[in-house]
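Derivation of every value follows stated rules applied to the coordinates shown; laboratory data play no part. What you see is a predicted model; the values in this text were computed from it and never measured. FYI the Cβ positions are ideal-geometry reconstructions off the backbone, even for glycines, and counts take in every protein chain you see.
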Amino acid sequence: MKNDVYSLQPVGFVRSTLVSREDCPRQGSEGAPEAWLEIDPAFADGLEGLASGQSVFILTWLHKGRRDVLKVHPRGDRNAPLRGVFSTRSPNRPNPIGLHRVEVLEVQPPCRIRVKPLEALDGTPILDIKPVIHGSAER
């Protein structure tokens, strides 16, 4: 299993006013701006059913994250003890997958979605979009 290779293909990219890691709030709820999700036209059919007002999870590839880090000071606080990355939301981790809960503000056919709040950098690859399920009736 250790030698297995898995490939991921971005379905699109984030377009944001955030251009450096220093610009990014640590969480979306801490002042992250609106952003656009630009989806590759090959995946346009996958957007059917998305609507403004809907809550979705965006899975991103945190391409600026370090992949060799296993322990961090939570939230970058050097006074806090080191913890394993799997117990934190650090962008530095073996597989730097970001998870962002956002609200869809607008769906602009064929391939653009405006969301808020999103703390991802401009150019961040989007791996997937999934609806937030509030009850068992929604699928």
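Please get the size of the charge dipole for the chain, origin at its Cα centre, with Cβ charges of +1 on Lys and Arg and -1 on Asp and Glu, quoted in debye to the nearest 20.
Value, rounded to 20: 740 debye.
Report the local net charge at R112: Lys and Arg +1, Asp and Glu -1, summed over other residues whose C-beta lies under 11 Å from its C-beta.
Neighbour charge sum, excluding R112 itself: 0.
So what does the Cα-only Debye profile of the chain read at q = 0.09, 0.20 Å⁻¹, as log10 I(q)/I(0), no solvent term?
Calculated log10 I(q)/I(0) at the listed q: -0.30, -1.23.
Over region 8-85, what is the relative contact order in whole percent, taking alpha-carbon pairs under 8 Å and six or more residues apart?
Once normalised by length, the contact order is 22 percent.
Filter the GluC sites (Glu not before Pro) in region 24-108 down to the DSSP loop ones having no more than 11 other Cβ atoms within 10 Å, then list what survives.
Qualifying residues, ordered by number: E48.
Which one, S20, N79, I129, projects farthest toward the positive side of the charge dipole computed for region 15-139 from Cβ point charges (K/R +1, D/E -1)?
With unit charges placed on the Cβ atoms, the residue in question is N79.
Quick check: pseudo-label points 7 Å beyond the Cα along Cα→Cβ at Q9 and I133, how many nm apart are they?
Here the answer is 2.6 nm between the modelled labels.
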